[in-house]
Structures are given as C-alpha cells and as structure tokens.
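Student: Could you have a look at this structure, given as structure tokens, before my questions?
The values are calculated or read from the model by the stated rules, or taken from the named source; none is laboratory data. No experiment lies behind these values; they were computed from the predicted model shown. Note that each Cβ is placed from the backbone with ideal geometry, even for glycine, and that neighbours are counted across all protein chains shown. Heads up: the accessible areas ignore ligands, DNA and RNA and are worked out on the full protein's heavy atoms, side chains in. Shrake-Rupley method; radii C 1.70, N 1.55, O 1.52, S 1.80 Å.
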Amino acid sequence: MSRIHRLEQVVADQIAAGEVIERPASIVKELVENSLDAGATAIDIGVDEGGVRRIVVSDDGNGIAKDDLPLAVERHATSKIRDAKDIEQVVTMGFRGEALASVAAVAKLDISSRPKDAANAWTLRVEGGKEIHFKPEGRPAGTTVEVSDLFYNTPARRRFLKTTRSELNQISEITRVLALGNPLCGFALRHNGRELERMSGARTADERVGHVLGQDFIDEAIRVDITRNDMRLWGWVGSPNFTRSNSSRQFFYVNGRSVQDYLVAHAVKQAYKDILFHGRHPIFALFLELEPLDVDVNVHPTKSEVRYRNNRTVHDFIMSGIYHSLRTDPTDPRRHVESDFVGDSAALDSSNLNVGAAPIRQHSLGLSDSNQARTQWWLSEALLPEREDTAESNPDDELDIGLGNELPPLGTAIGQLKGAYILAENDEGLVVVDMHAAHERVLYEEMKAHRSRNELARQRLLIPETLDVGVQDAELVEEHADDLVKVGLVVERSGPTTVKLREIPALLATSDMQTLLSDVLDDLREHGQSDAVTDREHQILATMACHNAIRFNRRLTLEEMNALLRKMEVTENAGQCNHGRPTFRTQSLKDLDRKFLRGQ
C-alpha cells in the first residue's frame with residue numbers, strides 16, 4: 001500500500017496561503033500593492049475588528065477586465081510577468097500571482113472592478129477557493145476587494161491571531177510603510193467605520209515623511225543623496241541625538257519596495273558607530289535605486305527580502321553614504337569649517353588645519369603630569385592663536401581668537417558652570433558645552449587618527465595558542481589567512497578542527513582571542529571582511545580617552561576653554577562623546593528673548 005498520496009487541492013491551497021497570509025496586515029499589504037501596480041492615486045482601506053471580520057480596499061486604478069477577473073484569483077496567474085526572464089527585471093510590487101489566490105483559499109473574497117473604458121463593473125465572489133457568483137455591477141472606474149471571515153475554514157490559524165488592537169496596529173504600520181514609499185498616492189484608513197488616518201497625495205517627499213515620521217524628525221533629519229555608478233541612495237537619517245529605544249522607525253526601500261535586510265542593518269550600524277548612545281537606535285527613511293538586474297526580489301513569498309548581485313558593493317555604498325551624510329549633522333561644529341576629509345573612518349589630522357587667519361601654536365589643556373604620562377602619544381593638544389605679550393595687552397584680549405568680527409561656530413568662552421560646563425557665546429546665542437564629554441571625543445579621535453597612521457603593531461606569542469574552532473572555521477582560516485594578517489592575526493590551520501594563533505594585535509594582548517577570532521571569522525563569512533579587531537581596539541581607546549579627559553570640577557581658564565572649543569571645531573563627531581551623549585547644546589538668542597518676554 002502506497003504511503004504517499006496527493007493532497008486535495010483545497011488543502012494544498014491553504015498550506016500555500018500560509019506562506020503569504022500570516023495575519024490581516026498581510027492581506028492589506030498584498031491588496032494595496034496590487035492597487036499601486038494598477039496606477040492608483042487614492043487608496044481607501046476599511047477594516048472591522050482588526051481585519052479579522054472584514055477588510056475592504058478600494059482604489060481608482062486601471063481596473064480588471066471582465067474576462068480577467070476569474071483568472072485573477074487563480075494561483076500563479078498574473079499580468080506583471082510572462083516568462084522567467086521577466087523575473088530578472090521586475091519593477092512592479094507584485095509578480096508571483098499568489099496573493100488573491102491565497103486570500104481566496106482562507107477567506108471569503110469579493111472583487112468588484114471596472115476598467116476606465118468599460119461600460120460597467122463586474123463582481124466575483126469566491127469562498128474557500130470556489131466561485132460563488134459572477135455578475136455585473138455599477139461602480140466608478142477602479143477596483144474594490146472585500147475580504148471577510150479570515151481563516152473561517154482554518155480555525156487553527158485563527159487561534160494564533162493577536163488581539164484586535166495588536167492586529168490593527170500591524171495594519172496601521174503596514175499602511176504607513178506603503179504610504180511612505182508612495183508619496184504621490186493618497187491613503188485613508190478606517191476601523192469599524194471610524195477614520196484613523198488620512199494622507200492626501202503629497203506634493204513633496206518631505207511632506208509625506210513629515211506625516212509618517214513627524215515634523216520633529218524632519219526638523220532634525222539629515223538629507224542623504226549620493227550616487228555611485230548605477231546606484232543611488234537618497235532619503236533622510238536622524239541625527240545621532242534623535243533616536244529611539246527600538247528599531248521600529250527604520251524604513252528602507254529597494255526600487256520602491258519596502259524590505260527588511262540584515263545587510264542594510266549592518267551598514268547602518270557601522271555608519272553610526274561611535275556616535276549613538278548605548279541601547280538607542282537611529283531613525284531613517286532611505287531609498288536605494290539600482291538596476292533591476294542587480295537585485296533579486298524573488299526570494300520570499302511575501303517579497304520582504306531581496307538579494308544583491310554584489311553584497312559587498314551595496315553594503316559599502318550604503319555605509320559610506322550614511323557615514324558622510326552624518327558629517328553634515330547640524331550638531332557637528334565642523335559643519336562651518338572647511339576640510340579635506342575624505343576617508344571613511346579616519347579622523348582629521350588637526351595639525352594640518354588652521355582655524356581662522358591667525359597663526360596657531362600648540363597648547364596643553366592642562367591635564368596633570370600623571371595623566372599626560374599615561375596618555376603618551378595620544379594626548380590631545382588644542383589649537384590656539386599666537387598672542388603677543390605687550391605692555392598694552394588687556395586681559396580681555398584672550399577672548400579675541402583672531403577670527404575678525406564673526407564668531408566661530410562654538411563661539412568664545414565666557415565662563416564655567418558648576419565645574420562641568422563651559423558657557424560660550426556665538427552668533428546664534430548661548431552655547432553650553434559638557435567639557436568632559438567634549439574633551440573625551442577630542443582625545444578619542446586623536447587616538448584613532450594616530451592608530452590609523454601607524455602600521456599595525458603585532459605581538460608574537462612565545463608559545464602559539466592552539467584553538468579548536470570547528471571544521472568550517474578552520475577552513476575559513478585557511479582561505480582567509482592573508483585577510484587575517486591584515487587585521488593583525490597570524491593564524492594557520494593545524495588540524496581538521498584546530499588552528500594555531502602565532503601573532504595578535506599588540507593593543508589586544510589581554511583580550512579573549514578565541515572569542516575575537518570567532519567574531520572575525522563570522523564577519524568574513526557573512527560580509528566578506530571584518531571590523532571586529534578595529535572595534536575591539538576602538539573600545540580600548542575609548543576607555544583610555546574617557547579616563548584621561550578633563551574631570552568634573554576641574555577649573556579651566558578662559559584660554560583653556562577657548563582651546564577646547566577650537567579643537568572641537570576641527571574634530572570629527574564632536575557633537576557626541578564616545579558613548580553617544582551630546583557634547584554641546586545651543587540656545588538661540590531669539591528663544592532667550594521669548595523666555596524673558598523681551599520685545600513683547
């Protein structure tokens with residue numbers, strides 16, 4: 001007796017539907033994407049009881065012809081592609097021909113549609129994959145799809161749905177995702193007859209971003225627009241001081257399609273490295289445009305994942321684009337200082353920079369001798385103009401930093417508050433600087449710059465360390481031996497599952513080498529290169545910078561305060577300390593006047 005048998009078609013359809021339809025929000029996504037592909041300029045979404053009882057999506061798109069309606073609910077029937085070659089150049093949201101068939105398999109489905117050149121509309125009703133009726137109807141051009149009693153024939157799936165509020169939140173979220181990616185189209189969302197959201201077709205992309213992410217985001221956001229070869233990355237990224245406790249406000253689109261991509265997540269993480277407060281996540285809305293042949297969208301039934309022809313190129317393009325855009329952050333005092341900064345991660349060499357027209361000389365920030373001995377070559381020195389000591393000199397002259405009547409970005413120091421903050425005056429108003437955080441960043445960037453300018457120092461182990469890493473990692477060591485040397489690890493395969501570690505980076509002599517090597521190999525396997533060693537070194541440098549920065553209650557002279565301000569203006573990432581905290585805040589004179597009711 002045969003133990004293998006064919007499943008009934010209705011069972012097979014329900015199983016296949018489970019890959020596409022996870023919850024009511026999945027249906028909303030598929031139906032709205034169909035409307036967008038049909039050229040809709042206005043989409044109305046109505047749901048009852050979180051979408052479990054009823055979902056209605058109406059649009060003013062091209063409509064579906066009478067003869068095509070029965071085909072539209074058949075599996076793998078689509079108007080988007082014709083053959084396998086078309087899959088390589090998909091430019092529409094949908095193309096698999098599964099959405100309506102999947103919905104029809106697990107719910108009651110009504111489709112009413114009228115093309116713009118048709119005399120009337122036609123309505124098709126399907127229940128459990130079977131046609132119930134097909135009749136003419138009057139309605140304007142466009143399409144309305146009504147889905148009711150979701151999972152009525154698969155009660156086990158229905159039991160796994162969340163509360164009405166949870167399902168409605170998911171529908172609201174997917175509506176915002178689709179609206180953000182299609183600003184020219186209007187969207188409306190209603191729940192149980194009550195309107196929750198309405199977005200008219202936006203005149204500009206900024207308008208739609210402001211509606212979805214808030215005007216406060218637009219006010220703080222940094223615009224990204226970079227092109228390289230056949231790729232373009234544009235959109236908005238939040239400043240390092242405008243973050244959230246989770247990643248729910250991160251939107252990424254590839255050729256207009258919203259995707260969740262680990263490669264993008266890693267690139268963004270690298271771009272924000274060293275400037276985010278711990279545990280915080282950046283906010284962004286980014287759009288990547290590239291040739292359809294260079295991206296595979298046929299990866300997952302929900303089309304939420306893509307694969308790139310060249311992962312490394314795309315990763316580096318996104319990372320460098322965000323990285324350089326962040327350097328125009330309004331919280332970065334260097335935005336008013338011209339520089340020749342080119343590298344992706346190297347800090348500016350302040351010894352080659354001249355702030356203003358006055359000559360400069362080296363000046364210590366007044367650290368104790370013991371601290372200077374500990375910091376050695378990485379001790380930062382501030383830039384100050386040379387000032388002649390004459391009999392006619394005035395003590396107030398130390399505020400004149402040789403920049404003419406125009407004040408520098410961070411202004412001139414006027415005092416110190418509670419041994420923690422420097423108060424300065426600039427053209428905008430009052431600048432308050434956290435002196436420890438600011439000096440910490442200055443020291444850290446100087447250390448990184450020195451580290452990047454010197455050849456990687458390696459330390460040979462007296463007795464090579466044998467590590468058991470497993471077969472796969474041992475093979476990876478053999479394959480990437482040269483790459484490992486570049487990051488300071490001289491390691492060779494010594495057995496089927498073991499490797500011998502002979503040299504390590506000198507700065508990481510006390511680190512756990514087994515864990516470090518595993519992290520490096522994981523990065524090589526996933527991204528083609530590794531920053532694990534550099535990250536570990538930077539962690540050590542950040543700790544050293546923190547320990548050697550100006551301490552609380554240290555009294556500074558005005559000259560020392562101005563020295564630190566000038567140094568900040570030529571230091572990369574000076575708007576945040578090594579831990580991601582802001583180093584300064586500006587209070588405009590206009591705001592101060594308003595608080596004191598001046599001119600009212």
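Student: Per the 1.4 Å probe, what fraction of the accessible area of the chain, in percent, lies on carbon and sulfur atoms?
Tutor: On the way: 14390 of 29900 Å².
The C+S portion of the solvent-accessible surface of the chain is 48 percent.
Student: Same structure, new question: Place the peptides 524-537, 187-200, 96-109 in order of packing, highest mean first, counting for every residue the other Cβ atoms within 10 Å and averaging per peptide. Don't skip to the end; give the middle numbers.
Tutor: Details: 524-537: 17.9, 187-200: 15.1, 96-109: 24.0.
Highest mean packing first, the order is 96-109, 524-537, 187-200.
Student: Report, as a whole number in µm² per second, the diffusion coefficient that Stokes-Einstein gives for the stretch 2-84 at 4 °C and 1.567 mPa s using the Kirkwood radius over alpha carbon pairs. All intermediate terms of the calculation are to be shown ahead of the outcome.
Tutor: Values: Rh = 15.1 Å.
My calculation gives 86 µm²/s for D.
Student: Also, I was wondering about something else. May I ask for the percentage of alpha-carbon pairs in the stretch 244-331 that lie more than 22 Å from each other? Numbers along the way, then the final one.
Tutor: On the way: 1041 of 3828 pairs.
The answer is 27 percent, as a whole percent.
Student: Let me have the 222 nm mean residue ellipticity of the chain computed from DSSP H runs of 4+ only, each contributing -39500 (n - 2.57), with the sum over all residues rounded to the nearest 500.
Tutor: Rounded to the nearest 500, it is -9500 deg cm²/dmol.
Student: Now a separate question. Mind running the shape call on the stretch 457-499? Use the C-alpha gyration tensor, a ≥ b ≥ c as the square roots of the eigenvalues: rounded below 1.5 for a/c, prolate if a/b tops b/c, oblate otherwise.
Tutor: Working: a/c = 2.98, a/b = 1.32, b/c = 2.26.
Oblate, since a/c reaches 1.5 and b/c is not below a/b.
Student: Also: Under a cut-off of 12 Å between alpha-carbon atoms, report the aspartates and glutamates in cross-link reach of Lys66, not counting same-chain residues fewer than 8 places apart.
Tutor: Asp117, Glu137
Student: When a/c is below 1.5 the answer is rounded, else prolate if a/b is larger than b/c, else oblate, so apply that to the stretch 200-289 with a ≥ b ≥ c taken from the square roots of the Cα gyration tensor eigenvalues.
Tutor: On the way: a/c = 1.66, a/b = 1.11, b/c = 1.49.
Oblate, since a/c reaches 1.5 and b/c is not below a/b.
Student: Just to check I understand the Karplus step: with θ = phi - 60° and J = 6.51 cos²θ - 1.76 cosθ + 1.60, what whole-Hz values come out for the stretch 516-526, glycine and proline as x?
Tutor: 4, 4, 4, 5, 5, 5, 4, 5, 4, 5, 8
Student: Another question, if that's okay. Starting at the first residue of the stretch 67-78, write each ³J(HN,Hα) from the Karplus equation 6.51 cos²θ - 1.76 cosθ + 1.60 with θ = phi - 60°, in whole Hz, x for Gly and Pro.
Tutor: Result, rounded to whole Hz: 5, 8, 4, x, 5, 4, 9, 8, 5, 6, 10, 8.
Student: May I have the convex hull volume per residue, in Å³, for the Cα set of the stretch 545-600? Spell out each step's value before the answer.
Tutor: Working: hull volume 8.0 nm³, N = 56.
So the per-residue hull volume is 142 Å³.
Student: Tell me the label-point distance for the pair Phe134, Val485, using the 7 Å Cα-to-Cβ offset, in nm and rounded to one decimal.
Tutor: 7.1 nm
Student: If I ignore ligands, DNA and RNA and count only protein heavy atoms, how much of Thr163 is accessible to a 1.4 Å probe, in Å² to the nearest 10?
Tutor: Number for this one is 90 Å².
Student: Ok, one more. Starting with the highest mean, order 48-55, 282-289 by the number of other Cβ atoms within 10 Å, averaged over the residues of each peptide.
Tutor: Working: 48-55: 19.8, 282-289: 21.6.
The densest-packed peptide leads the list: 282-289, 48-55.
Student: Using the structure shown, list the pairs from Lys448/Lys486; Lys29/Lys269; Lys273/Lys303; Lys80/Lys303 with a Cα-Cα distance above 21 Å, or answer none.
Tutor: Working: Lys448/Lys486 17 Å; Lys29/Lys269 28 Å; Lys273/Lys303 30 Å; Lys80/Lys303 14 Å.
With Cα atoms farther than 21 Å apart: Lys29/Lys269; Lys273/Lys303.
Student: Tell me which of Val126, Ala141, Ser172 sits at the most positive position along the dipole axis of the stretch 126-177, charges placed on C-beta atoms (Lys, Arg +1; Asp, Glu -1).
Tutor: Ser172
Student: Which translational diffusion coefficient, to the nearest whole µm²/s, is obtained for the stretch 470-600 from the Stokes-Einstein equation, given a Kirkwood hydrodynamic radius over C-alpha pairs, 25 °C and 0.890 mPa s?
Tutor: On the way: Rh = 18.9 Å.
It diffuses with D of about 130 µm²/s by this estimate.
Student: Express the C-alpha Rg of the stretch 72-137 as a ratio against the empirical globular expectation 2.2 N^0.38 Å, rounded to two decimals. Don't skip to the end; give the middle numbers.
Tutor: On the way: Rg = 13.8 Å, N = 66, 2.2 N^0.38 = 10.8 Å.
That ratio works out to 1.28.
Student: Also: I'd like to compare 8-16, 496-504: which one has the highest average count of other Cβ atoms within 10 Å, and what's the full order after that? Numbers along the way, then the final one.
Tutor: Working: 8-16: 14.1, 496-504: 17.3.
Peptide ranking by packing, descending: 496-504, 8-16.
Student: Find the centroid of the Cα atoms in the stretch 546-560 and in the stretch 484-522, then give the distance between the two in whole Å.
Tutor: 39 Å
Student: Here is a follow-up. List the relative contact order of the chain as a percent without decimals, with contacts defined as Cα pairs under 8 Å and 6+ residues apart.
Tutor: Details: 1086 pairs, mean separation 68.2, N = 600.
Once normalised by length, the contact order is 11 percent.
Student: Now for a separate question. Rolling a 1.4 Å sphere over the protein heavy atoms, what is the accessible area per residue of the chain, to the nearest Å²?
Tutor: On the way: 29900 Å² over 600 residues.
On a per-residue basis, the chain sits at 50 Å².
Student: How big is the gap, in Å, between the Cα center of the stretch 219-286 and the Cα center of the stretch 110-137?
Tutor: 43 Å
Student: Largest first, what is the accessible-area ranking of Thr41, Thr302 with a 1.4 Å probe?
Tutor: On the way: Thr41 80, Thr302 20 Å².
Sorted descending by solvent-accessible area, the residues read Thr41, Thr302.
Student: Let's test this: bin the Cα-Cα distances of the stretch 49-158 at 10 Å from zero up to the farthest pair and state each bin's percent.
Tutor: The calculated distribution, bin by bin, is 15, 41, 33, 11, 0.
Student: Report the full-extension gain for the segment Glu465 to Ala119: residue separation times 0.36 nm, less the Cα-Cα distance, to one decimal in nm.
Tutor: Values: separation 346, 0.36 × 346 = 124.56 nm, distance 8.15 nm.
Between Glu465 and Ala119, full extension yields 116.4 nm more.
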